[in-house]
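The values are calculated or read from the model by the stated rules, or taken from the named source; none is laboratory data. Computed from a prediction, not measured in an experiment: that's the story for all the values here. Note that each Cβ is placed from the backbone with ideal geometry, even for glycine, and that neighbours are counted across all protein chains shown.
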Amino acid sequence: MTARLRVMALCLLSLSLSACSTISPLPARAPSHSAATATTTVATSPASRPAPADKVTETPSLSSVAAAPPPVSVAACAQAVLRSLPRAQLAAQVFNVGLDVTDLGSGRDLVTQTGVGGVFLSGRSQSGLGLAPAIAGLQRSALAAGRLPLLVSADEEGGAVQSVRGPGIPLWPSAREQSTWTLSELSSRSAGWASSLRTLGITLNLGPVADVVSIADRAFNPPIGALGREYGANAVAAATRVSIVTASLQHAGVGATAKHFPGLGRVRANTDTSNKAQDDVATADDVNLAPFRAAIRSGASAVMVSSARYPQLDSTDPAVWSARIITTLLRGNLGFTGLVISDDLANAQAVRAVPVGDRAIRFLRAGGDLVLIVDRADLLPMLTAVQGEAAASPAFSARLQQAAQHVVESKIHLGLVPCSH
């Protein structure tokens, strides 16, 4: 990181902005993901509603309007940031590593020494907003070591899947219970919940779940239906509610992650505990893709790809290693240009047959951007493998550069990395 960029980032996290008067954090991601054609006006808070754009400008004083330099695009800003990083740190940006949520201080060395792109709050905590100082401490440690700010992610779906509960963090019901609320109630309550996540320091929520589980399949669908994680029993109902929750998160400055693409609603096994999860029905025009399309239209920062198999889409590879599913279907057909994150590539039974380092390489090669590994012990072998492959293959090196750029662009959109002229 350049000295100037480091100062800008430190200012961004400072409790007093008086010393950073020329720097404004960026707004939450706009509904469009097209960096090539959009423009954005900088807001004074990450939670401010963005203009429909993707260019970054600083708001000039009236006396300086005539002399204002041209805006800096998000893509150009991200490229400049990456040019300032050593090659090893660039590779580290594509990893999101699990830290025990009850002992975040133990992760300080990991973020300072490796410069990983993000951390995942693993496990469960009842500390509520009392956890905020520990999360802020991780960010300060990263910046003090000259690293980029972290994407801090968590499974905050509600119901059985809520990483942090306690004072200041509402006990959030399951998606199935949320689906019984009126749309206006869902909108108002999810807005308050999303704001509490931002206050906590969560910058990337691994939700909402966009999987569709029919009523008949609930009892036979262990990863989603059995836990009430779905927003609807049909694609239209789920899409409407996924769109509302996505918009609430993004407006609060918390990146939303639609998961688990292209859908776990029909599988009869859990990828965490089995390698038998398979959807024999899903095709490129599957109606159950509607909630993912809705999340993308509502500005979702990220889409998580599942580790299940979809033989009608790819007869060889599971989704997480499939270019046909990530690049052709998600990027091409659905037009998503944001951050593509894997499901867990460390402990999940669905991926255990493949050597640790190859798991990350295959995901990145297929078009993925951010490798989620719940077990931090797998970071070193994965990072070493990715660096080695990049050194040996110019094509993979270019793909790694693109993935890292998507990670940094997401940080810019979420107000973590400021841009200036």
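One table, with the values for the structure above:
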| read-out | value |
| --- | --- |
| Residues within the range 120-136 that are assigned to a helix (DSSP H, G or I) and more than 22 Å from residue 372 (Cβ to Cβ), tallied | 6 |
| Top-ranked residue in the range 195-236 [being assigned to a helix (DSSP H, G or I) and β-branched (Val, Ile, Thr); ranked as farthest from residue 301 (Cα to Cα)] | 215 |
| Tally, over the range 133-158, of residues that are within 22 Å of the chain's Cα centre (by Cα) and surrounded by fewer than 17 Cβ atoms within 10 Å (Cβ to Cβ) | 4 |
| Residues (over 13 Å from residue 116 (Cα atoms) and either in contact (Cβ under 8 Å) with a residue 40 or more places away in the chain or of a type in the set (Lys, Arg) (or both)) located in the range 373-385 | 374, 375 |
| Filter result for residue 256 (surrounded by fewer than 24 Cβ atoms within 10 Å (Cβ to Cβ), under 19 Å from the mean Cα position of the chain (by Cα), of a type in the set (A, V, I, L, M, F, W, C) and under 27 Å from residue 336 (Cβ atoms)) | no |
| Residue 283 vs. criteria hydroxyl-bearing (Ser, Thr, Tyr), in a loop (DSSP other than H, G, I, E, B) and within 19 Å of residue 348 (Cα to Cα) | no |
| Unmet requirement for residue 117, which otherwise passes all of (1) crowded, with 21+ Cβ neighbours inside 10 Å; (2) touching a Ser or Thr at 6+ places or on another chain (Cβ under 7 Å) | (2) |
| Members of the range 355-378 that are touching a helix residue (DSSP H, G or I) at 6+ places or on another chain (Cβ under 7 Å) and either in a loop (DSSP other than H, G, I, E, B) or over 23 Å from residue 309 (Cβ atoms) (or both) | 367, 368, 369, 376 |
| Neighbours by Cβ (under 7 Å, 6+ apart or cross-chain): first from the range 399-415, touching a residue at least 24 places away in the same chain (Cβ under 8 Å); second of a type in the set (S, T, N, Q) | 404/93; 405/79; 407/93; 408/93; 410/301; 413/301; 414/203; 414/301 |
| Selection from the range 299-319 of residues that are in contact with a Gly (Cβ under 7 Å, 6 or more places away or on another chain) and over 20 Å from residue 74 (Cα atoms) | 305 |
| In the range 81-109, residue farthest from residue 411 (Cα to Cα) [restricted to those that are touching a strand residue (DSSP E or B) at 6+ places or on another chain (Cβ under 7 Å), at pLDDT 95 or above and not in a loop (DSSP other than H, G, I, E, B)] | 100 |
| Conditions (1) touching a strand residue (DSSP E or B) at 6+ places or on another chain (Cβ under 9 Å); (2) outside any helix (DSSP H, G or I); (3) not polar (S, T, N, Q): number failed by residue 181 | (1) |
| Answer from 296, 325, 341 - the residue that is assigned to a helix (DSSP H, G or I), out of contact with any helix residue (DSSP H, G or I) (no Cβ under 7 Å at 6 or more places or on another chain), of a type outside the set (Gly, Ala, Ser) and touching a residue at least 60 places away in the same chain (Cβ under 8 Å) | 296 |
| Qualifying residue in the range 31-51 (condition: touching a His at 6+ places or on another chain (Cβ under 8 Å), within 30 Å of residue 248 (Cα to Cα), at pLDDT below 95 and in a loop (DSSP other than H, G, I, E, B)) | yes |
| Subset tally (residues that are more than 17 Å from residue 380 (Cβ to Cβ) and either under 18 Å from the mean Cα position of the chain (by Cα) or surrounded by 15 or more Cβ atoms within 10 Å (Cβ to Cβ) (or both)) for the range 81-107 | 7 |
| Test: residue in the range 245-263 that is in contact with a Pro (Cβ under 9 Å, 6 or more places away or on another chain), outside any loop (DSSP other than H, G, I, E, B) and among the aromatic types (Phe, Trp, Tyr) | no |
| Hits in the range 284-333 - residues which are of a type in the set (Val, Ile, Thr) and either farther than 20 Å from residue 410 by Cα or buried (at least 23 other Cβ atoms within 10 Å of the Cβ) (or both) | 287, 296, 303, 305, 316, 320, 325, 326, 328 |
